[in-house]
Amino acid sequence: MDDEAPRLILVTGASGAGLSTALNILEDCGIKAVDNLPLAMIDTLVAMEVEAGGRSLAIGLDARTTGFSAGAVETLVSNLRRKFPDQFTAVFLAASQDDLLRRFNATRRQHPLAGSGSLADAIAADLDRMDDIAPLADIRLDTSSTKPSDLRQSLLASLGIEEAFQI
């Protein structure tokens, strides 16, 4: 990837849809990956890594992200598209409510929106929140019933990252 212009990839979607797995896949391909950075710090990170450093960067955003809202993400995506028209890609990962429920139950991790409510209510609220963000994506991948190896293949193919570029 060194001969190409640096890539800037934003990965978002409901918690449990595979964002961490996607970021790990991109990191394995030599792309610096940062998860859950406050929205207010993203411009600084992009300036340091992509603009000054010439490095490819993937950023993960979800319900845990400080400052996360549909309006803030829409503004971010719009600004990044304007500044990096040929380098920026927004990826949205989706999964069914049943799959998300199964994943959180299997890992015994608390959903970031759970608070004192039920897991099912937290997942439903997260999915509702993501309804306004999904249309902003250039690439939408449904990870329901998907193995990590299948996600790897579909994500890299969708981004046009060939196996030869992987570390």
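The values are calculated or read from the model by the stated rules, or taken from the named source; none is laboratory data. Model, not experiment: these values are computed from the prediction. As a convention, Cβ positions derive from the backbone with ideal geometry for all residues, glycine included, and neighbour counts pool all protein chains shown. Accessible surface is based on the protein model in full, side chains and every heavy atom, while ligands, DNA and RNA are left aside. Shrake-Rupley method; radii C 1.70, N 1.55, O 1.52, S 1.80 Å.
A compact table of results
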read-out	value
Candidate set from the stretch 59-86 (those that are touching a Leu at 6+ places or on another chain (Cβ under 8 Å) and open to solvent by 80 Å² or more (accessible area, probe 1.4 Å)); member that is modelled with the highest pLDDT	E74
Condition met for A122 (crowded, with 19+ Cβ neighbours inside 10 Å, closer than 24 Å to R140 by Cα and free of Cβ contacts under 8 Å to residues at least 12 places away in the same chain)	yes
L100, sole failed condition from (1) over 14 Å from the mean Cα position of the chain (by Cα); (2) under 14 Å from M130 (Cα atoms); (3) open to solvent by 20 Å² or more (accessible area, probe 1.4 Å)	(3)
Tally of residues being open to solvent by less than 20 Å² (accessible area, probe 1.4 Å), among the polar types (S, T, N, Q) and out of contact with any helix residue (DSSP H, G or I) (no Cβ under 8 Å at 6 or more places or on another chain) across the stretch 42-58	0
Lone qualifier among A47, A72 - being assigned to a helix (DSSP H, G or I), under 17 Å from D131 (Cβ atoms) and small (G, A, S)	A72
Candidates L23, L39, filtered to the one that is in contact with a helix residue (DSSP H, G or I) (Cβ under 7 Å, 6 or more places away or on another chain) and either surrounded by fewer than 24 Cβ atoms within 10 Å (Cβ to Cβ) or of a type in the set (D, E) (or both)	L39
